[in-house]
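Remarks on the structure that follows.
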Amino acid sequence: MTVLGALAVGLAQPRPAQATGPVAYVSSQRISSETAMGKAGIARLQTMQRERTTDVRTKQQTLEATRRQLASAQGDERVRLQAQEQQQRTEFERAVAQAQTDIQALQRQISGELSPKVKAAVEEVVKATGIQVVLSSDVAVVWAVPGLDLTSRVIEHLNASSPAPPPAGQVP
């Protein structure tokens, strides 16, 4: 193919518009899954979920074992196992509630750590443009010209400016 032919093919392909209007958008989900900070947050969350699931599963198995023993118990043994079953059920329910609370708290913490950095990156990316509003495509944008999507530029900015995240098992 000649240089002129390559140029003609390049001109024939539609190019995404550049964000020049007052509105653009980003995808928070992509930022979370494609930035080093987002990936570290997801890893922390998954680690906690595994830990809490293991704890809850252990309590559930203990409770089920007690219930099996209770089914064939008689007399004083039955009374003792009923009290034990009640205590284990309470511990299981508390563990489930605590796991949910801990996971939600970590989600809020991760979001709180990431949000100001994303906002700063968006501000940096939109400097010297006519953009006045940046929306979240995950919530409000049904359709827009692809060139209005700033997500890749924000991800690049965040990855370029963020220090290496701590290992998945560590909490900073």
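Key figures
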read-out	value
The range 12-137, relative contact order [Cα under 8 Å, separation at least 6], %	53 percent
Neighbourhood charge, 14 Å Cβ-Cβ cut-off, centred on Ile42 and excluding it, Lys, Arg +1 and Asp, Glu -1	+2
Burial ranking of peptide ranges 71-78, 115-122, 33-40 (average Cβ count within 10 Å, highest at the top)	33-40, 115-122, 71-78
Listed residue (Leu135, Ala83, Ile103) projecting farthest to the positive dipole end of the range 63-156, Cβ model	Ala83
Within the range 41-154: Cβ-based charge dipole about Cα centre, in debye rounded to nearest 20 (Lys, Arg +1; Asp, Glu -1)	120 debye
Whole-angstrom gap from the range 89-118 to the range 132-161, using each part's C-alpha centre	27 Å
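Taken together, the values in this text are just the output of simple stated rules run on the coordinates, not laboratory data. These figures come from a predicted structure and were not determined experimentally. We place every Cβ from the backbone using ideal geometry, glycine too, and count neighbours over all the protein chains shown.
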